[in-house]
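Chemist: Here you go, one structure.
Values in this text are rule-based calculations from the coordinates and carry no lab data. Everything numeric here is computed off the predicted structure, so don't read it as measured data. Using ideal geometry, Cβ is built from the backbone for each residue, glycine included, and neighbour counts are taken over all protein chains shown.
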Amino acid sequence: MSTAATTFSSRRPEYVPNRIDDPNYIRIFDTTLRDGEQAPGATMTSAQKLVVARQLALLGVDVIEAGFPAASPDDFHAVRSIAIEVGNTPVGSHGHIPVIAGLSRCNKSDIDAAWDAVRHARRPRIITFIATSEIHMQHKLRKTPEQVVAIAREMVAYARGLGCHDVEFAPEDAGRSNKELLYHIIEEAIQAGATTITIPDTVGCNLPSEYGKLIADIKDNTRGIDNVIISTHCHNDLGLATANTLAGACAGARQIEVTINGIGERAGNASLEEVVMALKCRGELLDGMYTGINTHHITITSKMVQEYSGLHVQPHKAIVGANAFVHESGIHQDGILKYNGTYQFISPDDIGLIRVNDSGIVLGKLSGRNGVRSILLELGYQINDNEFEDFFKRYKEVAENKKRITVEDIKALLSDEILNPEVIWSLVDVQATCGTLGLSTATIKLINVHGEEKIGCSVGTCPVDAAYKAIDKIVQIQTVLQEYTMTVEGVDAIATTRVVITGDVSNYEYALTDQRNNKRFFCGSGVAKDVLLSSVRAYMSALNKMSNFIGVQRSSSEAPGSMSVEKTEE
Ligand SMILES: CC(=O)SCCNC(=O)CCNC(=O)[C@H](O)C(C)(C)COP(=O)(O)OP(=O)(O)OC[C@H]1O[C@@H](n2cnc3c(N)ncnc32)[C@H](O)[C@@H]1OP(=O)(O)O
Ligand SMILES: CC(C)C(=O)C(=O)O
């Protein structure tokens, strides 16, 4: 199996609408901005579409279907802006300029709108479609097959007559259409001047063998088909869009219509990243077919489309999902640490993925010692075997309750269990009230190393602020809260809080001399299901470190833990 690292864009053949000079080259037609936008809720603004189109050009797609200009003035404006800018701006070292296409029904006003919008591009394309399945012709169009064929012929010729030399024709719902009718309408469209013929599996019902045979049959039975490009357009209703697209390419299609993240009408379209990476990584089994995509741009393009469309991919989405290159279970982590290839056949670098840690290992409840230890080493913690065993036991307890263990969790566990100095103050209870009717209040009960319980109360801007102030009254150390961050996974899951406090240590005779301005930073972390408890634990952890630091500078009778602290109230 090869993971070819070819810079595909450098091999892109010169663009000719109805011909590709290299028989192995696959044209990538991206319809994120048209079919992708048809996904419920995926509407993007014109400005966002322009940004996505720029990114698609960088990614190296051959054709950008920028929208459906007749659909609305906004769609028209978006397609036009993309045609003017992206359709005329060379990108990359080879000065690639994508084709800019606009979709239209088979009627003059749609085609006029499409042409008006795309004609500003260096390489403009009109796409026009009409349904050919019995079910669509009868119930939707209410036209006979003869009428449909006549309309297709006339409208393709009309589009060419406007001066457009690049016209794509699609018999909608081809996947459910009578094949004889398909051969006939495609022949007519080719004679009328179509340069690309798209075969849509509009409802996503085809199987790979069936779709591959459809393309092969069209290739074998349609006059003039060798003078045009055949294109796939597969929907994902059975989860087969990528497989069908590859089957279509193997059967002779040389343009494939895809979307970023597979977004699109209903269950979506074939996803660009899946098809392109399959061709890149398994090209030797796919007749050596290749694309002009610069795969290093895949991750950033995916994230951009997620952000703008509001459609976030599931964590296990192939290629671009958050889990696609991470390994949680012990045996996998062990293998990856010994040799990446054991569980990764696609290189994350190839899709431009920048990972949080070098190994791509993510910790969870299924992680083993080797994986956990490797993360500790990456974070710079070298602990001995006994400490590690203590840590690992505690780690497993937390991991049972938490979906994913973050770097902050690891730091929290390390500081709680191993690196924490003697605990001078422990939390007994915390109680807080808050809401819109008045100031937040908190009551805190702490116990010190000598077993003395102290209670403090305070008001604050929020329950956390009130609790921290109540603690300060008991512990009586001057601190400034420098940082407070919390990560929570859902309302009923674990909250991890990290705080950083500073204190003025100048009064302490043996204060460390290497601290600038006599200030020292103490960080603490807390983990709990309750966000307030998590916050208080983090603060206590930092305060204990500070108390320890001060405590070792004093005689034990003066140490903070032994101070007689009065019950304090505000
Ligand atoms: C398979 C696909 O993805 S196709 C693309 C789908 N995308 C979209 O529909 C998004 C944009 N669509 C729109 O904004 C609107 O539907 C418009 C502007 C195109 C049309 O709006 P309206 O004029 O109000 O028509 P409406 O959408 O209600 O109905 C569609 C009409 O087009 C006809 N029609 C549908 N497809 C075609 C076609 N390919 N060629 C010609 N006419 C068609 C229908 O038969 C219907 O005609 P009728 O009104 O005589 O019954
Ligand atoms: C317009 C065509 C290509 C389409 O989107 C479909 O049939 O799904």
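Chemist: Mind checking the full-extension length gain between GLU134 and SER109? Use 0.36 nm per residue of separation minus the Cα-Cα distance, one decimal, nm.
Modeler: Here the segment from GLU134 to SER109 would lengthen by 6.5 nm.
Chemist: Still on this structure, please answer the following. Given 25 °C and 0.890 mPa s, how large is the Stokes-Einstein diffusion coefficient of segment 70-125 in µm²/s, with Rh as the Kirkwood radius over Cα pairs?
Modeler: The estimated diffusion coefficient comes to 217 µm²/s.
Chemist: Continuing with this model, one more query. Determine ³J(HN,Hα), in whole Hz, for all residues of segment 439-456 in sequence, where each value follows from phi through the Karplus function 6.51 cos²θ - 1.76 cosθ + 1.60 and θ = phi - 60°; x replaces Gly and Pro.
Modeler: 5, 6, 10, 9, 10, 10, 10, 10, 10, 9, 4, 8, x, 8, 8, 10, 10, x
Chemist: Cα convex hull of segment 25-309: how many Å³ per residue?
Modeler: With only Cα atoms used, segment 25-309 gives 114 Å³ per residue.
Chemist: Please list, in order along segment 289-297, the HN-Hα scalar couplings obtained from phi with the Karplus expression 6.51 cos²θ - 1.76 cosθ + 1.60 (θ = phi - 60°), rounded to whole Hz, x for Gly and Pro.
Modeler: Result, ordered by residue: 5, 8, 10, x, 6, 8, 5, 5, 8 Hz.
Chemist: Where does each of VAL203, VAL500, VAL258, VAL372 land when they are ranked from fewest to most other beta-carbon atoms within 10 angstrom?
Modeler: Exposure proxy ranking, most exposed first: VAL500, VAL203, VAL372, VAL258.
Chemist: Per residue, how big is the convex hull of the chain when only Cα atoms are used? Give it in Å³.
Modeler: 190 Å³
Chemist: Another question, then. Quick one: what are the phi-derived ³J(HN,Hα) couplings along segment 45-56, Karplus 6.51/-1.76/1.60 with θ = phi - 60°, whole Hz, x for glycine and proline?
Modeler: Once rounded to whole Hz, the list reads 6, 4, 5, 5, 5, 5, 5, 5, 4, 4, 5, 5.
Chemist: Please list, or write none, the lysines whose alpha carbon is within less than 30 Å of the alpha carbon of LYS303, excluding same-chain residues fewer than 8 places away.
Modeler: Filter leaves LYS49, LYS280, LYS317, LYS365, LYS402, LYS403, LYS411.
Chemist: Nearest 5 is fine: what % of DSSP beta bridges in the chain come out antiparallel, could you say?
Modeler: Antiparallel: roughly 50 percent of the beta bridges in the chain.
Chemist: For segment 60-106 and segment 231-265, what is the centre-to-centre distance using only Cα atoms, to the nearest Å?
Modeler: Between the Cα centres of segment 60-106 and segment 231-265 lies a distance of 21 Å.
Chemist: Check LEU363: other-chain or 5+ apart residues with amide H under 5 Å from its amide H, H built from backbone geometry?
Modeler: ILE405
Chemist: A further question on this structure: Sticking with the crude label model, points 7 Å out along Cα→Cβ, report the distance from ASP217 to GLU146 in nm, one decimal please.
Modeler: Each label point lies 7 Å from its Cα, and together they span 2.4 nm.
Chemist: What lysines does LYS219 reach when the alpha-carbon gap must be under 24 Å and sequence neighbours fewer than 8 apart in one chain are set aside?
Modeler: LYS179
Chemist: To continue, here is another question. Among the lysines, which fall within straight-line cross-link reach of LYS445, defined as a Cα-Cα distance under 20 Å, with same-chain neighbours fewer than 8 residues apart omitted?
Modeler: Hits, sequence-local ones excluded: LYS454, LYS469, LYS473, LYS529, LYS545, LYS567.
Chemist: Simple spin-label model, 7 Å along Cα-to-Cβ: LEU207 to LYS445 in nm?
Modeler: Placing both labels 7 Å along Cα→Cβ, they lie 7.0 nm apart.
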